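Scroll down for the structure; my scribbles are underneath it.
The values are calculated or read from the model by the stated rules, or taken from the named source; none is laboratory data. If you're wondering where the values come from, they're calculated on a predicted model, not measured in any experiment. Glycine gets a Cβ as well: all are built from the backbone with ideal geometry, and neighbour counts include every protein chain shown. What goes into the accessible areas is simple: the full protein's heavy atoms, side chains included, and nothing from ligands, DNA or RNA. Shrake-Rupley method; radii C 1.70, N 1.55, O 1.52, S 1.80 Å.
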Amino acid sequence: MSHTSDEIATQPECWERAVREMPRHAPALPAPGERVAVIGCGTSLFMAQSYARLREGAGHGATDIYPASEAKLLRPYDRILALSRSGTTTEVLSALKGAGAPARITTVTAVADSPAAALAHDVICLDYADERSVVQTRFPTTELMLLRAHLGLPTARALADVTTALTMPLPGGLTRAGQITFLGADWSMGVAHEAALKVRGAAAHWTESYSAMEYRHGPMAVARRGRAVWSLSPVPDSLVRRVAATGAYVRRPRLDPLAELVLAQRLAVRLAENTGRDPDRPAHLARSVILDPLG
């Protein structure tokens, strides 16, 4: 079994620990009313997108999201939240070095003594959720579970659904699909982007991701028999009928969006193994993107 599969399977324990230990981390996380910027790259950026929508939706205050390479951190923020599993990503470090005062920096990472941790005022180390594999699975979901709990949002359904996501059979309409489009809405949009990235990164499979209500505005042109559309948020019956009419397989959400992501992680491993790829070490990818001085 791959390291990735092992790490996917441990998510129930990681999520429960994150929720249990949330009060200990709360002082380092954005307080209600703070103006916050959240930065990350790749998977971390998508978790930042989900968190920002959740935070604003919960009425905790303005929350901007930036790819670390495009962060505008000289704006008057109260707190900068940097998400980085390794804490070594070049763009994250560059953004934090250029952050404006008096913003307080919190880094969420898996490596307590990483460079991104050294640049922060507060560090939340989720080392128990770190991974040996290149592709991230349990770290970002544990991170987002912690952030959801801190916002005071319900977590019970996600904690129950993750077990289902780990044990239910993978639908044949997904394992046989030559192309998969993931749909989301509101905070699940970031999760949909991450699901597409996971399948694309681990299995080199053709995936796309869109807002559910934007899907009809062009992207649906690729839908056809032998392909799939997987929504992580509820979608209107009218959209389901239109997609089904193309012959594409349609999956509507049955679980919490974060648990649906776990199912997508399992699919990524299955598709990788079906084509003889190593899900632990995908081609052209590395655990952390560290750029040379010329970028």
Report every pair of residues separated by at least 6 positions or lying on different chains whose Cβ atoms are under 7 Å apart, first residue within the range 219-240 and over 20 Å from Met189 (Cα atoms), second open to solvent by 50 Å² or more (accessible area, probe 1.4 Å) and part of a helix (DSSP H, G or I). none
Do the conditions hold for Phe182, that is, is it farther than 23 Å from Ala28 by Cβ and either modelled with pLDDT of 95 or more or under 17 Å from the mean Cα position of the chain (by Cα) (or both)? yes
Flagged in the range 231-247 as open to solvent by 10 Å² or more (accessible area, probe 1.4 Å) and out of contact with any Pro (no Cβ under 7 Å at 6 or more places or on another chain), in numbering order, are Val235, Pro236, Asp237, Ser238, Val240, Arg241, Arg242, Ala244, Ala245, Thr246, Gly247
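In contact with a Cys (Cβ under 7 Å, 6 or more places away or on another chain) and either over 27 Å from Val262 (Cβ atoms) or of a type in the set (S, T, N, Q) (or both): does that describe Thr89?
Details: in contact with a Cys (Cβ under 7 Å, 6 or more places away or on another chain): yes; either over 27 Å from Val262 (Cβ atoms) or of a type in the set (S, T, N, Q) (or both): yes.
Criteria met by Thr89.
Going residue by residue through the range 69-77, is there one that turns out to be buried (at least 21 other Cβ atoms within 10 Å of the Cβ), aromatic (Phe, Trp, Tyr) and in contact with a Lys or Arg (Cβ under 8 Å, 6 or more places away or on another chain)? Write out each step before concluding.
From the range 69-77, those buried (at least 21 other Cβ atoms within 10 Å of the Cβ) are 71, 77; that's our starting set.
After this cut, where a residue has to be aromatic (Phe, Trp, Tyr) as well, the list is 77.
Now restrict to residues that are in contact with a Lys or Arg (Cβ under 8 Å, 6 or more places away or on another chain): 77.
Yes: the range 69-77 contains one or more residues that are buried (at least 21 other Cβ atoms within 10 Å of the Cβ), aromatic (Phe, Trp, Tyr) and in contact with a Lys or Arg (Cβ under 8 Å, 6 or more places away or on another chain).
Taking the condition over 29 Å from Arg55 (Cβ atoms) and in contact with a helix residue (DSSP H, G or I) (Cβ under 8 Å, 6 or more places away or on another chain), does Pro279 pass?
Numbers: over 29 Å from Arg55 (Cβ atoms): yes; in contact with a helix residue (DSSP H, G or I) (Cβ under 8 Å, 6 or more places away or on another chain): yes.
For Pro279, the condition - over 29 Å from Arg55 (Cβ atoms) and in contact with a helix residue (DSSP H, G or I) (Cβ under 8 Å, 6 or more places away or on another chain) - is met.
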Can you pull out the residues in the range 55-72 that are part of a loop (DSSP other than H, G, I, E, B) and touching a helix residue (DSSP H, G or I) at 6+ places or on another chain (Cβ under 6 Å)? Ala71
Per the filter on the range 73-98, residues in a loop (DSSP other than H, G, I, E, B), modelled with pLDDT of 95 or more and closer than 13 Å to Val38 by Cα are Leu73, Tyr77, Asp78, Ser84
Selected residue [under 30 Å from Ala156 (Cα atoms), among the basic types (Lys, Arg) and within 20 Å of the chain's Cα centre (by Cα)] from Arg281, Arg266: Arg266
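So, of the residues in the range 199-230 that are among the aliphatic types (A, V, I, L, M) and open to solvent by 20 Å² or more (accessible area, probe 1.4 Å), which turns out to be farthest from the chain's Cα centre (by Cα)? I'd like the intermediate steps shown before the answer.
Here is the first cut: in the range 199-230, the ones among the aliphatic types (A, V, I, L, M) are 199, 202-204, 212-213, 220-223, 228-229.
Remaining after also requiring open to solvent by 20 Å² or more (accessible area, probe 1.4 Å): 204, 213, 220-222.
Working: Ala204: 18, Met213: 20, Met220: 24, Ala221: 26, Val222: 25 Å.
Only one residue fits best here, namely Ala221.
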